[in-house]
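Written out below as structure tokens is the structure these notes cover.
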Amino acid sequence: MVPARPSLVMMALLGSAASGCAAELPTEASARGEVLFKNCVQCHGDSGEGSTLMNAPAIAGLPQWYVEAQVTHFQTGWRGAHADDVEGLKMRPMSRTLKSAADVSLVSAHVSKLAVNRGEASLVGDVAKGQSAYATCSVCHGADGTGNEAMKAPPLRQLNDWYIVAQLRKFKTGVRAYEPADASGATMKAMAGAVPDEAAMRDLAAYIHTLPL
Amino acid sequence: MLEHYMQQGSSYASQIDGLVWMVLLMTGFWFFLVQGALFYLLWRYRARPGHKAVYLDDAAEHAFEVKWIEIPHRVILICDVAVIIGAITVWSDIKLSAPKHDEVIRVVAQQWAWTFTHAGPDGELDTADDIVAIDEMHLQVGKTYSYELGAKDVLHAFSVPVFRLKQDAIPGRVITGWFKPTLVGEFDVQCAEICGIGHGIMPARLYVETPEAHAAWLANPTHYLAYKF
Ligand SMILES: [Cu+2]
């Protein structure tokens, strides 16, 4: 067994390097969530406010159940594993930096506690038209846009307006919610199918951006 | 033992390994010979109690140079020629000529995923039955494939160690090449050109299948590599 010795040395070296990292990861729940979140700030921003440069949405203040669900979908491939999903394909490997369901929960809990920041309005839409179209959406997402956990519908009012349009487009074209087993995705996909065009998407996003936080 | 870590999974893997071995053995031979001579001479002519270290005078040095430097130098040049002939042969076999292919597979790299477009049951690319799969590539053992490699955003490199294949992917260009898998199994594909923060976690999986297993996959394809947690 010739290679045994060098590999032991390598393992000892790697081990000491790895323990250096592991020592940084606290075991106390909230502190660990905060450290895990450091893997997200590159794109989602230091306080989860999102980044248009990275096309990464604001996630600050999204409910824990929804962040957990989406990160898990990215991990398993229910979201972000479609050839035309440029942004989703970037997020998918990042979800795999979380190695256990417990870590997914911890980082999601941390995200949910960050202060909501949906950024400035970035697109022009007809708010009045958006408001009347939003009547359909309110059944699940709430008239005030705060979402409905029982229906697995996330809050919308704290999302960036550009991200809302991007997601409606993805649902409509099947770039998101392409997996038949993804029931919550399928629900929303059907709804997005009823939004006629890009202009209607912009109107909806413009209206949602006016909902009080 | 060594074979376990260096599985050869393509028709040309052994040719590339042969070249690497040739270079390794030649340089290894000269390395040990030269270092051996150096250390022997240092030891042989060292200073000891009652002895001064021995140096050459100018006249002796010229004769010494001819014997110890010029002659080996010429022999090394012959080795170089052997390496160049070997390298050009392998290059022309693998890169300059391609055998007739049975099928074309499209490989597209992007931050941070691989999209493989398989020709599907009809064996023709760009038809309705093409199978697009993220981060997984399915091949039939023994078939010759031509690949079309592209990149959507930045530089990437398509590295398939078991094939001994590593090819840069460049945005705006379609680079073609070929491979013929010879070993059934599950192997690694890895991006080998730094491409952003996700570069280190941009692997894909290669499945080389028997004709039966490949037919089963074609009949019931997967569309992305599912990770288990
Ligand atoms: Cu890369």
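Quick notes on this one:
- The residue that is farthest from residue B:99 (Cα to Cα), counting only those in region B:148-188 that are more than 10 Å from the ligand (Cβ to nearest atom) and within 14 Å of chain A (Cβ to nearest Cβ), is B:153.
- Among all residues of region B:209-229, there is none that is away from the ligand (no atom under 16 Å from the Cβ), under 18 Å from the mean Cα position of the chain (by Cα) and in contact (Cβ under 8 Å) with a residue 24 or more places away in the chain.
- Candidate set from region B:96-115 (those that are open to solvent by 40 Å² or more (accessible area, probe 1.4 Å) and touching a Ser or Thr at 6+ places or on another chain (Cβ under 6 Å)); member that is nearest to the ligand (Cβ to nearest atom): B:106
- Only one of the numbered conditions (1) of a type in the set (D, E, K, R); (2) assigned to a helix (DSSP H, G or I); (3) in the same structural domain as residue A:196 (by TED's automatic domain parsing) is violated by residue A:92, and that is (3).
- Residue selected from region A:57-75 under the condition open to solvent by 40 Å² or more (accessible area, probe 1.4 Å) and either within 14 Å of chain B (Cβ to nearest Cβ) or not in a helix (DSSP H, G or I) (or both), by the criterion nearest to residue A:41 (Cα to Cα): A:68
- Residue count for region A:76-91, restricted to those that are open to solvent by less than 10 Å² (accessible area, probe 1.4 Å) and either within 7 Å of chain B (Cβ to nearest Cβ) or among the polar types (S, T, N, Q) (or both): 3.
Conditions tested, residue by residue: (1) in contact with a strand residue (DSSP E or B) (Cβ under 9 Å, 6 or more places away or on another chain); (2) modelled with pLDDT of 95 or more.
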site: A:35; (1), (2): no, no
site: A:42; (1), (2): yes, no
site: A:68; (1), (2): no, yes
site: A:76; (1), (2): no, no
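- Condition met for residue B:139 (of a type outside the set (Gly, Ala, Ser), in contact with a helix residue (DSSP H, G or I) (Cβ under 8 Å, 6 or more places away or on another chain) and not in a helix (DSSP H, G or I)): yes
- Residue list for region B:161-170, restricted to those being open to solvent by 50 Å² or more (accessible area, probe 1.4 Å) and free of Cβ contacts under 8 Å to residues at least 24 places away in the same chain: none
- When residues in region A:37-56 are screened for being part of a loop (DSSP other than H, G, I, E, B) and either of a type in the set (Phe, Trp, Tyr) or open to solvent by less than 20 Å² (accessible area, probe 1.4 Å) (or both), 3 of them pass.
- Residue check for residue B:175: among the β-branched types (Val, Ile, Thr) and open to solvent by 50 Å² or more (accessible area, probe 1.4 Å): no
- Residue within region B:206-219 that is within 11 Å of another protein chain (Cβ to nearest Cβ) and among the hydrophobic types (A, V, I, L, M, F, W, C) present: no
- In region B:119-143, the residues that are within 12 Å of chain A (Cβ to nearest Cβ), buried (at least 20 other Cβ atoms within 10 Å of the Cβ) and either more than 16 Å from the ligand (Cβ to nearest atom) or without any contact (Cβ under 8 Å) to a residue 60 or more places away in the chain (or both): B:133, B:136
The values are calculated or read from the model by the stated rules, or taken from the named source; none is laboratory data. None of the values given here were measured: they were computed from a predicted structure. All Cβ positions, glycine included, derive from the backbone under ideal geometry; neighbour counts span all protein chains shown. What goes into the accessible areas is simple: the full protein's heavy atoms, side chains included, and nothing from ligands, DNA or RNA. Shrake-Rupley method; radii C 1.70, N 1.55, O 1.52, S 1.80 Å.
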